[in-house]
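> Questions regarding the structure given below will be posed in turn.
The values are calculated or read from the model by the stated rules, or taken from the named source; none is laboratory data. Remember, it's a predicted structure, so these values are computed and weren't measured experimentally. A quick note on method: Cβ atoms are made from the backbone with ideal geometry, for glycine too, and the neighbour counts reach across all protein chains shown. Note: accessible area is taken over every heavy atom of the protein model, side chains too, but ligands, DNA and RNA are not part of it. Shrake-Rupley method; radii C 1.70, N 1.55, O 1.52, S 1.80 Å.
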Amino acid sequence: MEYIEQHLEGELPLEDISRYIGVPDCHFRKIFLALTNMTLSEYVKNRKLSQANKELLQGASVTDLAYKYGYQSVDGFTRAFKKWCGLLPSQAAKLKQGKVCQRISFVVSVKGGNMMEYKIVEKPAFYVAGVSKRVPLQFEGVNNEIVKLAESITEEQRKERRCTVSRIWSPGKW
């Protein structure tokens, strides 16, 4: 993130970011999207326009900012700014308002490290019957989607599963 902030001005090939951190470009983009819920190019564009907006409010010219932040023309910068902010750059400067995209920072939290004792025990084979549904991944607490899924199983479905399992497996018959 520091590298991006240091290179907001001018062209910033996204491949350079991946090369800087030593991760293949396609992997870095996927990881970034998963962590931030926005693409890397969206984030860089938002940060550039946010900085340009800040400088507009301090009196910088639209033309200077367009080239400073890597746009090929003032028209391209103006279109991008209007789409991003809802105002033309000149309007934002005149009205002293705009939009901001704050820097992203990541906080790494490491949990675990507790010792767990275990024992491998051989058990007879068995069948498992159930239902299947995609649910959002949740690392802590109760996953309400799984609770809803369990509660949605009707008594008729439970009986059907018991009958199916008993037909597949009977004690002493493998």
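> Using the structure shown, decide if GLU11 is acidic (Asp, Glu) and modelled with pLDDT under 90.
Considered against the rule, which asks whether it is acidic (Asp, Glu) and modelled with pLDDT under 90, GLU11 comes out as yes.
> I'd like the full set of residues that are at positive phi and without any contact (Cβ under 8 Å) to a residue 12 or more places away in the chain, limited to the stretch 37-59.
ASN37 - this is the single residue of the stretch 37-59 that is at positive phi and without any contact (Cβ under 8 Å) to a residue 12 or more places away in the chain.
> Determine, yes or no, whether GLU140 is farther than 29 Å from LEU35 by Cβ, open to solvent by 80 Å² or more (accessible area, probe 1.4 Å) and without any contact (Cβ under 8 Å) to a residue 12 or more places away in the chain.
When the stated conditions are applied, GLU140 does not pass them.
> Here's something else I'd like to know. With the condition being open to solvent by 90 Å² or more (accessible area, probe 1.4 Å), I'd like the helices (runs of 4 or more DSSP H) fully within the stretch 57-103 carrying at least 3 qualifying residues.
It comes to 74-85.
> To continue, here is another question. List, please: which pairs have Cβ atoms under 7 Å, are six or more places apart or on different chains, and start with a residue in the stretch 1-24 that is closer than 25 Å to SER73 by Cβ and end with one that is polar (S, T, N, Q)?
LEU8/GLN51; LEU14/SER41
> Yes or no: TYR43 open to solvent by 70 Å² or more (accessible area, probe 1.4 Å) and within 15 Å of GLU11 (Cα to Cα)?
No.
> For the stretch 2-36, name all the residues that are open to solvent by 40 Å² or more (accessible area, probe 1.4 Å) and at positive phi.
The one that is open to solvent by 40 Å² or more (accessible area, probe 1.4 Å) and at positive phi: GLY22.
> For LYS123, all conditions in the list (1) exposed (fewer than 13 other Cβ atoms within 10 Å of the Cβ); (2) assigned to a helix (DSSP H, G or I) hold save one; what is the number of the exception?
The single condition LYS123 does not satisfy is (2).
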